[in-house]
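Shown next, in structure tokens, is the structure this report addresses.
The values are calculated or read from the model by the stated rules, or taken from the named source; none is laboratory data. Computed from a predicted structure; not experimentally measured. Cβ coordinates were reconstructed from backbone atoms using ideal geometry, including for glycine residues, and neighbour counts include every protein chain displayed.
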Amino acid sequence: MSGTSSLLQLWHIPSTKRLFTRSKFSKGLYMVPGTDFYPALCFCRNMQTATYAIVNGSYLPTAETKQNKIKDKALAAQETVGAFQKLPMVMPSVDIISSALRKAKRVSPTKGIANAAKRERNKGAKQLDALMKELAVPLRTYKENFPNKKSLHPYERSLIELTLGDGNYEEVLGKVDALRKKVTSVGKEHASLCAKSTSKREAEERLSKGMEKLEEIFGHEGKAVDNLLNIAKTLRAMPVVDLEIPTLCLVGAPNVGKSSLVRILSTGKPEICNYPFTTRGILMGHIVFNYQNFQVTDTPGLLRRPDDDRNNLEKLTLAVLSYLPTAVLYVHDLSGECGTSPSNQFFIYKEVRKRFSNHLWLDVVSKCDLLQESPVTFITDDSDADHLELARYRKMGPDGAIHVSVKSETGLNELKARVHELLVSQSVRIKSENSNRETLERLG
Ligand SMILES: Nc1nc2c(ncn2[C@@H]2O[C@H](COP(=O)(O)OP(=O)(O)OP(=O)(O)O)[C@@H](O)[C@H]2O)c(=O)[nH]1
Ligand SMILES: [Mg+2]
């Protein structure tokens, strides 16, 4: 297994930049991708027509249309990915407080106040007000510019849940906003107290107490800002998927040879080891066939078990299949080498195939160098040996599967050709779904 616990990795982007990023996933919670998925839904833009009241020859949006616009924006966001690349830069909490203190201390009293006490309390109130604003404004910006999870594309939403733990994203944003509110109310309170000082000395004391108090609050609760900074870093490092480019998703039980095939099919170099869950995240890469660009995702393996018992790695795989319009290259290892018996692989396969029946699909039996001339029947742990389909599967894999070996290079040319065909079909499907959507939009 790889020594890392990274759940997300990105390799080979065929543009000028080559990225290879990893980000750690917490052992947090996750979401369970739902039931059957229809990729067409991904492309279906729900157009809403806005109505405008005509006043004095100009168009003024009504309250209702403003709401529609907000809804439209949220719907549009749900249909696109890339929100993580637009996250605002977050400053570390120590930098926010030190810069705010520096700026606030430079604020001078209003000119022309001759009385020393009045001048001091004017200065104190202004400095405390400035400090409060310098602290609250960035926090408000974060709150406003980090997207509401509900408005995200479901794939990105599931990445947030699987990466950060269910509810953590909202919790941190909530804490940042609570800090903003506290800083605002405490700042205002101390500024107003300072403005009521009866002597120069009292104003000086109240100013310094107010500043200390705000600094103390930020010192205690500024951790939320640092957590938000880490969240932004993690999310920005997530692989970028283009929904318009046909994507091939490699799926199968752990250790069956998915990543080895990704290496053959693409210029990506995912880690390969002889134990399960070497691939610990969604890996996005690109392949080029005949000058056409395609995306490939390598995914963690799936075990035979109910969804509730799945680990985050398996859930990531299901999230990709549920929310991204991918074609599937399903890998079967009948050699007995991978650790999951052929019969267990059969049952996982049947379930996944049924659940994602709408995806374009290609089956491949890997490691055929280990299967020798005549197919080997393994003594497996299944009690369904009389199950005909299973017996056939254990010998040959699913009907129509291509038999390949990366060791002996058997079947690789056929595999590449079939993958190309599959991706071209995926491309046709994307175009037709886009054109259906445009027709729907035109019809209103
Ligand atoms: N003999 C033989 N071994 C293979 C072949 N393909 C892959 N392997 C071996 O099978 C093991 C697992 O390969 P991976 O490509 O890492 O499998 P994976 O499905 O990506 O594994 P996970 O990421 O852990 O789910 C490695 O030791 C590979 O060298 C093959 O065609 N023949
Ligand atoms: Mg792998």
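Taking the numbered list (1) part of a helix (DSSP H, G or I); (2) assigned by TED's automatic domain parsing to the domain that holds residue 118 in turn, residue 197 passes all entries but (1). For segment 266-293, filtered to residues that are buried (at least 21 other Cβ atoms within 10 Å of the Cβ) and not small (Gly, Ala, Ser), the residue that is farthest from residue 237 (Cα to Cα) is 287. All of (1) modelled with pLDDT of 95 or more; (2) more than 10 Å from ligand 2 (Cβ to nearest atom); (3) closer than 28 Å to residue 164 by Cβ hold for residue 324 with one exception: (1). The residues of segment 120-135 that are surrounded by 19 or more Cβ atoms within 10 Å (Cβ to Cβ) and of a type in the set (Lys, Arg), listed by number, are 121, 123, 126.
Residues checked against (1) in the same structural domain as residue 228 (by TED's automatic domain parsing); (2) free of Cβ contacts under 8 Å to residues at least 24 places away in the same chain; (3) under 25 Å from residue 188 (Cβ atoms); (4) part of a loop (DSSP other than H, G, I, E, B):
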{"position": "101", "(1), (2), (3), (4)": "yes, no, yes, no"}
{"position": "107", "(1), (2), (3), (4)": "yes, yes, yes, yes"}
{"position": "114", "(1), (2), (3), (4)": "yes, yes, no, yes"}
{"position": "118", "(1), (2), (3), (4)": "yes, yes, yes, no"}
{"position": "125", "(1), (2), (3), (4)": "yes, no, yes, no"}
{"position": "130", "(1), (2), (3), (4)": "yes, no, yes, no"}
{"position": "136", "(1), (2), (3), (4)": "yes, no, yes, no"}
{"position": "139", "(1), (2), (3), (4)": "yes, no, yes, no"}
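If the condition is being among the acidic types (Asp, Glu) and surrounded by 21 or more Cβ atoms within 10 Å (Cβ to Cβ), then segment 136-160 contributes only 156. Taking segment 246-262 as the range and being within 16 Å of ligand 1 (Cβ to nearest atom) and either outside the structural domain of residue 311 (by TED's automatic domain parsing) or on the phi < 0 side of the Ramachandran plot (or both) as the test, the residues that pass are 248, 249, 250, 251, 253, 254, 256, 258, 259, 260, 261, 262.
Look through segment 288-306, keep the residues that are part of a loop (DSSP other than H, G, I, E, B) and away from ligand 1 (no atom under 12 Å from the Cβ), and return whichever of them is nearest to residue 409 (Cα to Cα).
Top of the filtered list is 290.
Among all positions in segment 215-233, there is at least one residue which is in contact (Cβ under 8 Å) with a residue 60 or more places away in the chain, assigned to a helix (DSSP H, G or I) and over 30 Å from the mean Cα position of the chain (by Cα). Just to check your reading of the model, which residue among 288, 331, 320 is under 24 Å from residue 399 (Cα atoms) and in contact with a strand residue (DSSP E or B) (Cβ under 8 Å, 6 or more places away or on another chain)? Exactly one of 288, 331, 320 is under 24 Å from residue 399 (Cα atoms) and in contact with a strand residue (DSSP E or B) (Cβ under 8 Å, 6 or more places away or on another chain), namely 331.
For a quick check of your reading of the model, give me the residue pairs whose first member lies in segment 408-419 and is assigned by TED's automatic domain parsing to the domain that holds residue 290 and without any contact (Cβ under 8 Å) to a residue 12 or more places away in the chain, whose second is β-branched (Val, Ile, Thr) and assigned to a helix (DSSP H, G or I), with beta-carbon atoms closer than 9 Å and at least 6 apart or on different chains. From segment 408-419, the pairs are 409/264.
A single entry from 265, 228, 243 fulfils the requirement of being more than 16 Å from ligand 1 (Cβ to nearest atom), over 27 Å from residue 305 (Cα atoms) and at pLDDT below 95: 243. Restricting attention to segment 409-422, does a residue exist that is at pLDDT 95 or above, of a type in the set (D, E, K, R), outside any helix (DSSP H, G or I) and more than 21 Å from residue 302 (Cβ to Cβ)? Looking for residues that are at pLDDT 95 or above, of a type in the set (D, E, K, R), outside any helix (DSSP H, G or I) and more than 21 Å from residue 302 (Cβ to Cβ), one finds at least one in segment 409-422, hence yes. Note on segment 243-287: among residues that are assigned to a loop (DSSP other than H, G, I, E, B) and aliphatic (A, V, I, L, M), the one that is nearest to ligand 2 (Cβ to nearest atom) is 272.
Taking the conditions (1) of a type outside the set (Asp, Glu); (2) more than 11 Å from ligand 2 (Cβ to nearest atom); (3) closer than 16 Å to residue 426 by Cβ in turn, residue 291 satisfies each one other than (3).
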